[in-house]
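Working notes, structure below.
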Amino acid sequence: MANLNILFLVPHPFYQERGSPIADKMVLRVLSERQENVDVVTYPEGVDINYKNIKLQRVTHIPFITGVRPGFSWKKIVYDILIFIKTTQLIFKKKYHLIHAVEETVFIALFFKAICNIPYVYDMDSSLAQQIIEKYACLLPFKAIFQCFERIAVKNAEVVIPVCPALADDIARYRPKKVMVLPDVSLLT
């Protein structure tokens with residue numbers, strides 16, 4: 001079988017020594033060992049990694065937007081828009097067999113599945129709907145809308161990869177095609 005062209009969307013600084021970036025790096029190492037061709041679209045912050053067949057595509061750095069932290073924020077929204085733009089540019093230049101979408105970039109992957117019929121894997125670290133409501137209680141009246149979008153993203157993924165069995169149980173109501181739990185990396189030494 002020929003090597004796959006994979007577009008890997010990473011909506012956080014990459015690489016940094018913290019939870020999700022560590023897990024992303026491990027997945028990229030495996031894809032490199034399998035000799036897949038991977039374009040990683042990510043934020044401008046982070047340390048470059050050097051794996052064979054893995055190419056980092058950083059979005060444009062915005063001078064006043066630095067120190068992007070985990071969780072929902074206006075900084076992430078700005079850089080996620082830039083990820084969408086960079087993804088669009090890459091998709092018009094190259095044929096991708098699969099999009100590996102981490103967290104909120106699943107909606108970018110969903111868009112390109114609808115437009116270009118590119119399948120995607122949803123790398124799910126948390127329930128985005130729950131995360132937004134917990135951080136911004138004033139948005140509670142919109143919970144059903146957020147859950148609707150999350151359901152659409154889960155149902156259209158070829159595989160959903162939650163980080164724990166509890167999250168897998170939570171999304172079972174959305175009837176995903178396939179679920180593969182990939183436990184998060186412990187930072188305890």
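Radius of gyration (Cα atoms) of the chain, expressed as a multiple of 2.2 N^0.38 Å: 0.99.
Here the label points at Ile62 and Lys178, each 7 Å from Cα along the C-beta direction, are separated by 3.7 nm in the simple model. For Gln57, neighbours were defined as the other residues whose beta-carbon sits under 10 Å from its Cβ, and their charges (Lys and Arg +1, Asp and Glu -1) total +2. Note on Cys116 and Ile49: the model spin-label points, each 7 Å out from Cα along the C-beta direction, lie 2.2 nm apart. Applying 1/(1 + (r/R0)^6) with R0 = 22 Å to the Cβ-Cβ distance of Val159 and Ser73 gives a FRET efficiency near 0.20.
Over region 5-174, Cα pairs under 8 Å with separation of 6+ residues give a relative contact order of 20 percent. Amide hydrogen proximity for His12: with H placed 1.01 Å from N in the peptide plane, the residues at 5 or more positions away or on another chain lying under 5 Å are Tyr43. Summarising the amide proton neighbourhood of Val102: residues at separation of 5 or more, or on other chains, whose placed amide H is nearer than 5 Å comprise Leu9, Asp123. Length gained on full extension, Lys95 to Met26, computed as 0.36 nm times the residue gap minus the Cα-Cα distance: 22.4 nm. Close amide-amide hydrogen proximity is noted between Leu56 and Val40, each under 5 Å apart and 5 or more residues distant or on a separate chain (H modeled in the peptide plane; Pro and chain starts excluded).
Any read-out appearing in this document is the output of simple, stated calculations on the displayed coordinates, not a laboratory observation. This structure is a prediction, so every number in the text was calculated from the model and none was measured. Every residue, glycine as well, gets a Cβ built from its backbone with ideal geometry; the counts of neighbours run over all protein chains shown.
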